[in-house]
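Structure, as structure tokens:
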């Protein structure tokens, strides 16, 4: 198996026997045989050892990464590594040790300081993790290596639940903010409430399609997916704190004990709330060249 892994840059790499790959992924636990030495390195790289069990990758993920390693060529792997180094040059969140390893891999086998077989395997491993998975252990522990495009995301029930919990969460926080004792709902708490609501709609809503104009969608596309859960949680997260104008300016302007402005009507509140939010979004768009884009992309 060592010879097969060492010659993965040849055209016949796709002919690696299924018995070899099955042996590589037969068990997540690393055996003492020499044939599993590279698998042990991959398991450590994927945080699948006992010391980092909380960030472990699943057995299926290990098998998929091994399949990708068997398919990729050295030239493709080198291109991926060099592109990753360029893209993450100013990324402070990118693991420092991994960046140093990628730099040594990009300089060749002699600079890497190992034999050719180990160098090729490490190069392909890092390239496959970057291109097909993620170099971040925290991301690998909560995501799948492949995206299921058939899972529902922007479904009818996701938008309904999102809007309902946006109203509840923002309403509760805005109402109780100036009162004592203060009661607040966080996005993490609402996220827990969203899940049983999503499962409830999964069983209650009829499985049929409805149409509005040229658009057609299903009321119940199937099991409540984690993508729907994430979408509704995002809707709540960006709105649950309310607006600065509603929580501060409005109270000071309207309450008799402060300014007591009589012109603070419903229309005024609506326009001030929306204009302040649009102003913030507009400024973010104008300043994105300086506060969002990397330095190398400015011009």
Requested in this report: Consider residue 269 carefully, then state whether it is part of a helix (DSSP H, G or I) and farther than 23 Å from residue 186 by Cα.
Outcome: yes
Report task. Kindly list, by first and then second residue, each pair from a residue in the range 277-298 that is within 30 Å of residue 249 (Cβ to Cβ) to a residue that is part of a helix (DSSP H, G or I) and at pLDDT 80 or above, limited to pairs with Cβ atoms under 7 Å and residues at least 6 apart or on different chains. Result -> none
Query raised in the report: Of (1) assigned to a helix (DSSP H, G or I); (2) touching a residue at least 40 places away in the same chain (Cβ under 8 Å); (3) closer than 20 Å to residue 246 by Cα, residue 172 satisfies all except one. Which?
Result: (2)
Requested in this report: Quick one: residue 198 ticks every box in (1) in a helix (DSSP H, G or I); (2) touching a helix residue (DSSP H, G or I) at 6+ places or on another chain (Cβ under 7 Å); (3) without any contact (Cβ under 8 Å) to a residue 12 or more places away in the chain except a single one, so which number is it?
Outcome: (3)
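Only one of these is over 24 Å from the mean Cα position of the chain (by Cα) and outside the structural domain of residue 168 (by TED's automatic domain parsing): 219, 205, 271. Name it.
Values: 219 fails: outside the structural domain of residue 168 (by TED's automatic domain parsing); 205 fails: outside the structural domain of residue 168 (by TED's automatic domain parsing).
Step by step, each of 219, 205, 271 is checked, and only 271 is over 24 Å from the mean Cα position of the chain (by Cα) and outside the structural domain of residue 168 (by TED's automatic domain parsing).
Quick check: anything in the range 135-154 out of contact with any helix residue (DSSP H, G or I) (no Cβ under 8 Å at 6 or more places or on another chain), farther than 19 Å from residue 230 by Cβ and part of a loop (DSSP other than H, G, I, E, B)?
no
Conditions tested, residue by residue: (1) modelled with pLDDT under 85; (2) farther than 22 Å from residue 145 by Cα; (3) part of a loop (DSSP other than H, G, I, E, B).
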{"residue": "84", "(1), (2), (3)": "no, no, no"}
{"residue": "89", "(1), (2), (3)": "yes, yes, yes"}
{"residue": "92", "(1), (2), (3)": "yes, yes, yes"}
{"residue": "105", "(1), (2), (3)": "no, yes, no"}
Query raised in the report: Is it true that residue 182 is more than 26 Å from residue 222 (Cα to Cα), part of a helix (DSSP H, G or I) and free of Cβ contacts under 8 Å to residues at least 12 places away in the same chain?
Result: no
Query raised in the report: Counting only residues that are within 19 Å of residue 146 (Cβ to Cβ) and not in a helix (DSSP H, G or I), how many does the range 66-82 have?
Result: 1
Query - Lone unmet requirement of (1) in a helix (DSSP H, G or I); (2) under 26 Å from the mean Cα position of the chain (by Cα); (3) closer than 21 Å to residue 166 by Cα for residue 241 - result: (1)
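Tell me the residue from 264, 236 that is at pLDDT 80 or above, assigned to a helix (DSSP H, G or I), surrounded by 12 or more Cβ atoms within 10 Å (Cβ to Cβ) and in contact with a helix residue (DSSP H, G or I) (Cβ under 7 Å, 6 or more places away or on another chain), please.
Unique residue meeting the criteria: 236.
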**Report entry** All positions within the range 201-233 that are part of a helix (DSSP H, G or I) and surrounded by 12 or more Cβ atoms within 10 Å (Cβ to Cβ)
**Finding:** 201, 202, 226, 227, 228, 229, 230, 231, 232, 233
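The values are calculated or read from the model by the stated rules, or taken from the named source; none is laboratory data. Everything numeric here is computed off the predicted structure, so don't read it as measured data. Note that we place each Cβ from the backbone using ideal geometry, even for glycine, and neighbour counts take in every protein chain shown.
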